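A.B. asks: Quick one: the structure is below, questions incoming.
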There are 2 protein chains.
Amino acid sequence: MNTTEAEQLSAAAPLRVAVLGCGNVGTEVVKLITERGDDLAMRIGRRLELIGVAVRRPSLPRPGIDAALLTTDVDSLVRRDDVDLVIELIGGIEPARSLIITALEHGASVVTANKALLAEDGTTLYAAAEKAGVDLYFEAAVAGAIPIIRPLRESLVGDEITSVMGIVNGTTNFILDKMDSEGSSFAETLEEAQALGYAEADPTADIEGFDAAAKAAILSSLAFHSRVSSADVYREGITEVTAGDIASAREMGCVVKLLAICALTDPDDAGERAVSVRVHPAMIPRSHPLATVGGPYNAVFVESRSAGRLMFTGPGAGGQPTASAVLGDLVTVARNRLRGAAGPGESSYAQRAVSPIGEVVTRYHLSLDVADVVGVLARIAQLFADYGVSIQTVRQQGREADAKLVIVTHRATDAALSATVDALQKLDVVTQVTSVMRVEGE
Amino acid sequence: MNTTEAEQLSAAAPLRVAVLGCGNVGTEVVKLITERGDDLAMRIGRRLELIGVAVRRPSLPRPGIDAALLTTDVDSLVRRDDVDLVIELIGGIEPARSLIITALEHGASVVTANKALLAEDGTTLYAAAEKAGVDLYFEAAVAGAIPIIRPLRESLVGDEITSVMGIVNGTTNFILDKMDSEGSSFAETLEEAQALGYAEADPTADIEGFDAAAKAAILSSLAFHSRVSSADVYREGITEVTAGDIASAREMGCVVKLLAICALTDPDDAGERAVSVRVHPAMIPRSHPLATVGGPYNAVFVESRSAGRLMFTGPGAGGQPTASAVLGDLVTVARNRLRGAAGPGESSYAQRAVSPIGEVVTRYHLSLDVADVVGVLARIAQLFADYGVSIQTVRQQGREADAKLVIVTHRATDAALSATVDALQKLDVVTQVTSVMRVEGE
């Protein structure tokens, strides 16, 4: 920056920024806004000025953050007349929703990383932003630093996206990856992940798939120009995944991943295509691009009519990567504000229906403990045939009390498969259905 | 779309679109604008109307394109008062540059895929767009359908990008991939690529690295907020890559790729970091994310201070993928136009210097034909030491007339390595330096 430019920037009134929440991400955001002020100013065309950081515990030591900025009075902060840009990093539904709406109503543009809120009630937030003519940006809400919101909202907006499949939760990917490489159980791997800081003390949101489901709802809404909320997402976590499932996957040349799968269904009789959204563990071939995404990394695989297959990979969480996404949005909404314009708002014109899980068509891997008697395979094969589920491969393992069948089906509806499993459980030669897992990515 | 929305859209004056050039990409763009009119209208908030398609040969059959739209009078088309959006797909420097500038001066927003022009003279185009207060977008200019321009310009604009390394030319990637899998020579693989339509009749721009160099210039300018033109890019093509190089790479657990490498140098004494930009074939480990990018695919690997390592993968060329990128830009600039605002313009405030190739520090793989005499290794090792280039591994192969040394160095400057190679060529025990290739990605 030369002197004249610096003078011009200093002469103009700065854009005033309030940060709500100062955990890992908030701390990093505040530090970057402070340390990188000159660069951000040149990229925006105006200086940024931090006017407040809302925290719950102001007495905590926060190195690098000016203590004079800290406040516990978040309500007053978002109502200040001189706030231009609000960064919401509190998370959860309330008070985050009320604070964001208040900020938007007061004319501030908002940047948020709040996936749970966007997935539950994005429409209300969009409406408030639209009404006030300001921006609501949320690149950090899905897949951390990976640019995926902007590509869906803008780069691919002229295309017809047919599916988005992603590994969007780093904690579960770390756990499944460890289980695969070490042969360990879910419970012991979770403990290890917690000790290493990859899983929280209360890991429910991650391991039960709630976090991934929220991201799937956001991705589906953007990809298919329809309203999809968390409640629309079929969800299974990874707590039931066993070392045996992982070993079975390995024998098939597959790996187990927690996938978020968002897809358009085949056209119905009226030519309409619905949205199918689900989060569950699945086996995918080791040759699939998503199979190599290891540890805490995230990846999103997008298929569209014209562009074909695209993949986006990067760190899915963490203070610094998430702060990068927040700052990218901050610069963009600041630029928009200086131009007196807002970026894209909600696009839900397609109003597609959400298809129930029973109609999903995919392949399945099943493990059954069976009686070691003559004719057991014939009876089980007949039962699959009765329910219209075609078997691709069967493997018999063990003898006597350890007799097992490992079955992989051809493509079938989830409803047909569920009915098959119910019937299998009632069959006298089946001791137990020990595992049912979807097989994706082919 | 419901009836009311459709009526509202039909009532407003459409945005008028002119397409310049109607080859593979142009044909696809015109078809999509026509076929997907309703969706595009809902996504933009206004209908698009094609008002002209400039072609050189109007008599060619163009199925699916209204013949009444075709014109050879491209100058009049871009000067029409009623043109809102111009899509330039002619390519090359002139007349494309004059046409784009005329369109911008007449107040139209421009979408282009013209990497050569942007890399040679982007600044002139940006200035014309800025002066007219309209948009110049060019997602399709680099890596086809892969969203990379928008991520660099917007998603990562709050971060500090330290390097961008990519496979950005599908033709050369296809050829190197085939040479690797089939053990074939460059010349025969080029012929095969031409027969399959992956290489043009005149393949110079691809195989000599000009196409990749233009893309590297564009990526560097955006990533480092500085002006970098094609002339600033060090460039070597793949015509000298031999089957022997590929086999040597394989023995090292590497694969040969044509890489575009854009990086910030280490800070100098004044703390300034320059831009280093180069395109050349290089060996990278098979475990590197870029190593698995095969055939005509492209990939761009970005490292930044906060976000860490991101990778973007997808189809790098072809009519449909490129059209997807063009349409994404078209929708974005149309939205901007309706809001009376323009998107980001040139950002070159950092004014970083371009570092010469001699200062690049990397590793090298060398093959030498040598005399089979006692002490040859000692003399050659001493010569490397004299030039300050440290040897990591040496392999002696063959005897007598076929005696060879294969040497991999530690990191050294390009200048030191070049001086070493010059001296090796003068050494009496060296018959020939048969290959010198950089080793990257570690």
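What follows is calculated from the coordinates using simple rules that are stated; it is not laboratory data. This is a predicted model, so every value here is computed, not measured. Because the Cβ atoms are built from the backbone with ideal geometry, glycine has one as well, and the counts that use them run over all protein chains shown.
A.B. asks: Semi-axes of the protein assembly as shown's equivalent ellipsoid from the Cα gyration tensor, sqrt of 5 times each eigenvalue, largest first, rounded to whole Å? Don't skip to the end; give the middle numbers.
C.D. replies: Values: eigenvalues 343, 311, 191 Å².
With the √(5λ) rule applied to the protein assembly as shown, the semi-axes are 41, 39, 31 Å.
A.B. asks: A further question on this structure: Distance cut-off 20 Å, Cα to Cα: go down the list A:Lys257/A:Lys404; A:Lys404/A:Lys426; A:Lys178/A:Lys257 and report the pairs above it.
C.D. replies: A:Lys257/A:Lys404
A.B. asks: Let me ask another. What would the Debye equation give as log₁₀ I(q)/I(0) for region A:139-180 at q = 0.35 Å⁻¹, counting only Cα atoms as equal point scatterers?
C.D. replies: At q = 0.35 Å⁻¹ the computed log10 ratios are -1.17.
A.B. asks: Next question. Express the relative contact order of chain B as a whole percentage, based on alpha carbon pairs under 8 Å and six or more residues apart in sequence.
C.D. replies: Numbers: 931 pairs, mean separation 67.5, N = 442.
Worked out over chain B, it gives 15 percent.
A.B. asks: In a GNM of chain A with a 10 Å cut-off on Cα contacts, which of A:Val233, A:Val394, A:Val17 has the highest mean-square fluctuation?
C.D. replies: A:Val394
A.B. asks: Here is a further query. Which angle between 0 and 90 degrees, to the nearest 10, do you get for helix A:170-182 versus the longest principal axis of chain A when only C-alpha atoms count?
C.D. replies: 40
A.B. asks: With θ taken as phi - 60° and the coefficients 6.51, -1.76 and 1.60, list the Karplus ³J(HN,Hα) couplings across region B:234-240 in order, rounded to whole Hz; mark glycine and proline as x.
C.D. replies: Result, rounded to whole Hz: 5, 9, 10, x, 10, 5, 8.
A.B. asks: Please report, to two decimal places, log10 I(q)/I(0) for region A:195-259 at q = 0.14, 0.27, 0.29 Å⁻¹ as given by the Debye formula with identical point scatterers on the Cα atoms and no solvent.
C.D. replies: The Cα Debye sum returns log10 ratios of -0.56, -1.06, -1.13.
A.B. asks: Using Cβ counts within 10 Å as a stand-in for footprinting exposure, how do A:Leu60, B:Leu156 rank, fewest first? Intermediate values should be presented prior to the final figure.
C.D. replies: Details: A:Leu60 9, B:Leu156 27.
Result, fewest neighbours first: A:Leu60, B:Leu156.
A.B. asks: Still on this structure, please answer the following. Report the residue, chosen from B:Gly158, B:Gly328, B:Gly52, that carries the largest GNM mean-square fluctuation when chain B is represented by alpha-carbon nodes joined by springs under 10 Å.
C.D. replies: B:Gly158
A.B. asks: Counting only Cα, what are the radius of gyration and maximum Cα-Cα distance Dmax of region A:235-381, in Å?
C.D. replies: For region A:235-381, the Cα radius of gyration and maximum Cα-Cα distance read 21.3, 78 Å.
A.B. asks: Starting from the Kirkwood radius over alpha-carbon pairs of region B:103-226, derive D by Stokes-Einstein at 25 °C in a medium of 0.890 mPa s and give it in µm² s⁻¹.
C.D. replies: On the way: Rh = 16.2 Å.
Estimated diffusion coefficient is 152 µm²/s.
A.B. asks: Which whole number of Å³ per residue matches the convex hull of the alpha-carbon atoms in region B:350-432?
C.D. replies: Details: hull volume 7.1 nm³, N = 83.
Output value, Cα hull per residue: 86 Å³.
A.B. asks: Next question, about the same structure. Okay, helix-only estimate at 222 nm for chain B: each DSSP H run of n ≥ 4 adds -39500 (n - 2.57), divide by all residues, round to 500 deg cm²/dmol; what do you get?
C.D. replies: Working: 14 runs with 158 residues, N = 442.
Only helices count here, giving -11000 deg cm²/dmol.
A.B. asks: Now for a different question. Quick check: Cα centre of region A:65-98 to Cα centre of region A:351-411, how many Å?
C.D. replies: 54
A.B. asks: Measuring nothing but label to label, 7 Å from Cα along Cα→Cβ, what are B:Arg305's distances to the other copies in nm, shortest first?
C.D. replies: 4.3
A.B. asks: Under 8 Å for C-alpha pairs, at least 6 residues apart: give me the relative contact order for region A:149-316, rounded to a whole percent. Don't skip to the end; give the middle numbers.
C.D. replies: On the way: 328 pairs, mean separation 53.5, N = 168.
In percent, rounded to a whole number, it is 32.
A.B. asks: So, in nm, how far is label A:Asp268 from label A:Thr239 when the simple model puts each one 7 Å beyond its Cα toward the Cβ?
C.D. replies: 3.4
A.B. asks: Evaluate the relative contact order of region A:140-243 (contact order divided by residue number), counting alpha-carbon pairs under 8 angstrom at least 6 apart; express in whole percent.
C.D. replies: Values: 102 pairs, mean separation 31.7, N = 104.
Reported as a whole number, the value is 30 percent.
A.B. asks: Mind checking the angle between helix B:376-386 and chain B's longest principal axis? C-alpha axes, 0 to 90 degrees, to the nearest 10.
C.D. replies: Result, in degrees: 60.
A.B. asks: For region A:276-354, compute Rh as the Kirkwood radius over C-alpha pairs and then the Stokes-Einstein diffusion coefficient at 4 °C and 1.567 mPa s; write the answer in µm²/s, rounded to an integer. Could the numbers behind the result be given before it?
C.D. replies: On the way: Rh = 16.4 Å.
Approximately 79 µm²/s, per Stokes-Einstein.
A.B. asks: Who wins for biggest fluctuation among A:Ala54, A:Ala353, A:Ala282 in a Gaussian network model of chain A, springs between alpha carbons below 10 Å?
C.D. replies: A:Ala353
A.B. asks: What's log10 of I(q)/I(0) for chain A at q = 0.11, 0.13, 0.14 Å⁻¹, Debye sum over Cα points only, no solvent?
C.D. replies: For chain A at q = 0.11, 0.13, 0.14 Å⁻¹, log10 I(q)/I(0) is -0.88, -1.13, -1.25.
A.B. asks: A follow-up question, please. Put the label 7 Å from Cα along Cα→Cβ for B:Arg80; what are its distances to the other copies, in nanometres, shortest first?
C.D. replies: Inter-copy label distances (nm, one decimal, shortest first): 5.2.
A.B. asks: What Kirkwood Rh does region A:36-144 have if only Cα atoms enter the pairwise 1/r average? Answer in Å.
C.D. replies: On the way: mean 1/r = 0.0675 Å⁻¹.
Every distinct Cα pair counted, the radius reaches 14.8 Å.
A.B. asks: How far, in whole Å, is the closest Cβ of chain A from the axis that maps A onto B, and which residue does it belong to?
C.D. replies: A:Ala341, 2
A.B. asks: In nm, to one decimal, how far is the A:Asp38 label point from the A:Arg411 one, both placed 7 Å along Cα→Cβ?
C.D. replies: In this crude spin-label approximation the distance works out to 5.8 nm.
A.B. asks: Right, next: Quote the FRET efficiency, to the nearest 0.05, computed for A:Lys131 versus A:Ser98 with a Förster distance R0 of 22 Å and r equal to the Cβ-Cβ distance.
C.D. replies: Values: r = 16 Å, r/R0 = 0.72.
Computed FRET efficiency for A:Lys131 and A:Ser98: 0.90.
A.B. asks: Let me ask another. How many angstrom lie between the Cα centre of region B:218-255 and the Cα centre of region A:125-174?
C.D. replies: So the separation of the two Cα centres works out to 33 Å.
A.B. asks: Select from A:Ala353, A:Phe384, A:Thr434 the residue farthest towards the positive end of the dipole of region A:334-442; place +1 on Cβ of Lys and Arg, -1 on Cβ of Asp and Glu, and compute about the Cα centre.
C.D. replies: Projecting each Cα onto the dipole axis, the largest value belongs to A:Ala353.
A.B. asks: Then there is this: How far, in degrees from 0 to 90, does helix A:24-35 lean away from the longest principal axis of the Cα atoms of chain A, to the nearest 10?
C.D. replies: 30
A.B. asks: If I take the Cα coordinates of region B:149-315 and project them onto the principal axes, what are the three extents in Å, biggest first?
C.D. replies: 49, 33, 30
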